[in-house]
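Following: one structure in structure tokens, then a few remarks.
The values are calculated or read from the model by the stated rules, or taken from the named source; none is laboratory data. Here the structure is a predicted model, which means the values were calculated and not measured. Quick reminder, even Gly has a Cβ in these numbers, built from the backbone with ideal geometry, and neighbours come from all protein chains shown.
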Amino acid sequence: MHPGPKGFNNMKPLAERKLIIVLGLLIIFGLITGSCTSVSPTPEPTMTATPTSVIQEALTATLTPTARPSPTPTLPPLGSEGNPVKIGFILLPEQIDEIEAAEDIAFLIGRDTEYAVESLIYPDFQSLSTAIIDGDVDLFWLEPLQYLYLHQVGAAKVLLMTNRMGVYAYGIQFMANQARGFRTYFNPETQENIGDSLTALQQFAGTRPCFLNPQSLPGYFVPLGILANTSTPTLDPVLAYTYDAIIRALYIREICDFGVGYTHLGDPLTAANLIQDLPDAPEVIDVIWQTDAIIPNINLSTSPNLPLYMQLRLQEAFLDLKDNPEGFVLLTNALNVQVEALKEVGDGFYNPLREVIIPLELDLQAITVRN
């Protein structure tokens, strides 16, 4: 073997060594670069509610049990011991005798009808009317404007009318001193009017009346309504507060030009105390005009919700009080007004009064509660 050119055999190991050195440097460089590069942590997967879990949660909230209301206790039949028929009276707590009379009335009606009946006592019309409207009272005694109000709101139906001093209703009269020069349209002998109300009452236009008080039906509202119906404007009234005072004012002529009084229940011109002081008053003062009996007495009304067969049975029991010697005595005491008889009437009995007060457009609730 011939030897190669000089130095060839020494070059191969040198080239290998260079290659190894380069590879080593590359590895070292890669390690250094990797150690200087931050590695972000792999984020943990976020749990997202699936539609199924959302629906399940909604159903769970929706299906939460609701507490059931406790059942309303059922009352025994009306008229039995646990649910008596209730009769309302307006009396003050100190009116012991009147309250006892009301209780005795309830006993008599219960014995006649075989219903359980009790009396309920109220201090004023406001509390009674609230109980009536709420359905807490079945029968009750009402003055005319009280009845018109409760009938208007559908809470009262008249059953019976009381008789006082021989009449079931009364009227009013217009009076004036003869010296005032008004012409009279009333015949005292026949107790009848002559001519028409328009001619009689328009004489008072522009003059001053004497009335009773602003809460009085016969002494204020009815005369105002009649004057309005006859288109008779007057000056502001003088309020005398008693019929006796009205007549005395007319007698002396310097206070008012005409006045009003009641009729059919007696004659204020012949009242004993007046005649004693002014014996010539009936000759000095004339009745100019007199109305018919248009103002009903106190009535017995019922709730329209009371069954009709019970209304009729209770009505008959009250009518039977005439056969009991104590019946109307007890009723007189309980109502604080003379009761001589009872009779059946319908709502039409109140129409003449309604026609008189229509022009006044009265707030019946406010008036009756105030009184």
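Data table
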| item | result |
| --- | --- |
| Test: residue in the stretch 354-361 that is assigned by TED's automatic domain parsing to the domain that holds Q152 and either more than 30 Å from Q191 (Cα to Cα) or modelled with pLDDT under 95 (or both) | yes |
| Residues that are surrounded by fewer than 19 Cβ atoms within 10 Å (Cβ to Cβ) and either touching a residue at least 12 places away in the same chain (Cβ under 8 Å) or among the basic types (K, R) (or both), drawn from the stretch 172-183 | Q178, A179, R180, R183 |
| Any chance R313 is among the basic types (K, R) and not assigned by TED's automatic domain parsing to the domain that holds T162 | no |
| Selected residue (criterion: surrounded by the most Cβ atoms within 10 Å (Cβ to Cβ)) from residues of the stretch 90-144 that are more than 27 Å from the chain's Cα centre (by Cα) and more than 18 Å from Q315 (Cα to Cα) | A101 |
| Condition check for L217: buried (at least 16 other Cβ atoms within 10 Å of the Cβ), under 24 Å from E143 (Cα atoms) and either in contact with a Phe, Trp or Tyr (Cβ under 9 Å, 6 or more places away or on another chain) or not β-branched (V, I, T) (or both) | yes |
| Residues that are out of contact with any strand residue (DSSP E or B) (no Cβ under 6 Å at 6 or more places or on another chain), outside any loop (DSSP other than H, G, I, E, B), in contact (Cβ under 8 Å) with a residue 24 or more places away in the chain and over 20 Å from M310 (Cα atoms), drawn from the stretch 127-146 | S129, L145, Q146 |
| Selected residue (only one of L274, L235, L269 is farther than 24 Å from G195 by Cα, assigned to a helix (DSSP H, G or I) and assigned by TED's automatic domain parsing to the domain that holds F204) | L274 |
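Residue-wise test of (1) surrounded by fewer than 17 Cβ atoms within 10 Å (Cβ to Cβ); (2) among the small types (G, A, S); (3) part of a helix (DSSP H, G or I).
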{"site": "R313", "(1), (2), (3)": "no, no, yes"}
{"site": "K343", "(1), (2), (3)": "yes, no, no"}
{"site": "I358", "(1), (2), (3)": "yes, no, yes"}
{"site": "Q365", "(1), (2), (3)": "yes, no, yes"}
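Each row is one residue, and each column tells you yes or no for (1) farther than 15 Å from V369 by Cα; (2) outside the structural domain of L217 (by TED's automatic domain parsing).
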| site | (1), (2) |
| --- | --- |
| G110 | yes, yes |
| D124 | no, yes |
| F140 | yes, yes |
| Y149 | no, yes |
| Q178 | yes, no |
| N187 | yes, no |
